[in-house]
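Data first, discussion second: the structure below is written as structure tokens.
Read-outs throughout are calculated quantities, based only on the coordinates presented, and are distinct from any laboratory measurement. What you are looking at is a predicted structure, and each value in this text was computed from that prediction instead of being measured. All Cβ positions, glycine included, derive from the backbone under ideal geometry; neighbour counts span all protein chains shown.
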Amino acid sequence: MSIIKDRLKLLMKLLGINLKEFAEISGIPYRTLQNYTLGVREPTIENLQKMANATNCDLHWLITGKGKPFREEPKEQLDPRRLAIIKLVLEMPEEKLDDIYKMLEKEKLLVDLLEEIKRLKKAQ
């Protein structure tokens with residue numbers, strides 16, 4: 001019986017993600033992760049490292065069960081949507097990155113302006 005499989009299941013539960021989302025954020029194929037969680041196969045050290053990096057999980061905990069599951073407070077970093085967005089950006093062609101950055105900058109400015117308007121209305 002693989003104890004790592006139990007920690008992988010616990011990790012997904014702690015993160016509030018399913019196997020499909022775990023595959024997306026870690027870059028490990030769904031079927032491979034499924035085999036790990038079923039105990040059919042043991043993860044390679046490379047895939048353990050990918051899982052730990054993608055989720056901010058402590059690699060030592062993932063392998064041994066000793067210590068804490070996360071290296072630090074995982075809140076924002078572990079939101080699967082944010083991780084999926086980062087993964088998409090990393091896969092974009094280099095020439096598109098400036099356009100994406102400008103678009104995100106404009107969107108952030110609009111959000112900040114709307115928040116400021118709301119704050120000013122409340123202050124009145």
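Looking at this structure, is residue 85 over 30 Å from residue 13 (Cβ atoms) and surrounded by 10 or more Cβ atoms within 10 Å (Cβ to Cβ)? Steps first, answer last, please.
Details: over 30 Å from residue 13 (Cβ atoms): no; surrounded by 10 or more Cβ atoms within 10 Å (Cβ to Cβ): yes.
So residue 85 does not fit the description; no.
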Being touching a residue at least 40 places away in the same chain (Cβ under 8 Å), part of a helix (DSSP H, G or I) and under 21 Å from residue 84 (Cβ atoms): is that true of residue 33 here? no
Unmet requirement for residue 42, which otherwise passes all of (1) of a type in the set (D, E, K, R); (2) without any contact (Cβ under 8 Å) to a residue 12 or more places away in the chain; (3) outside any helix (DSSP H, G or I): (2)
So, in region 44-53, of the ones that are out of contact with any Leu (no Cβ under 8 Å at 6 or more places or on another chain) and surrounded by 12 or more Cβ atoms within 10 Å (Cβ to Cβ), which residue ends up farthest from residue 81 (Cα to Cα)? 44
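Identify, please: which residue in region 56-70 is part of a helix (DSSP H, G or I) and in contact with a helix residue (DSSP H, G or I) (Cβ under 6 Å, 6 or more places away or on another chain) and is, among those, nearest to residue 5 (Cα to Cα)?
Step one: filter region 56-70 for residues part of a helix (DSSP H, G or I), giving 59-64.
Still in the running and in contact with a helix residue (DSSP H, G or I) (Cβ under 6 Å, 6 or more places away or on another chain): 59, 62.
On the way: 59: 14, 62: 9 Å.
Only one residue tops the list, namely 62.
Output the residues belonging to region 1-30 that are over 24 Å from residue 82 (Cβ atoms) and exposed (fewer than 14 other Cβ atoms within 10 Å of the Cβ). Step through it out loud before you land on a result.
Step one: filter region 1-30 for residues over 24 Å from residue 82 (Cβ atoms), giving 1-6.
Within region 1-30, 1, 3, 6 qualify.
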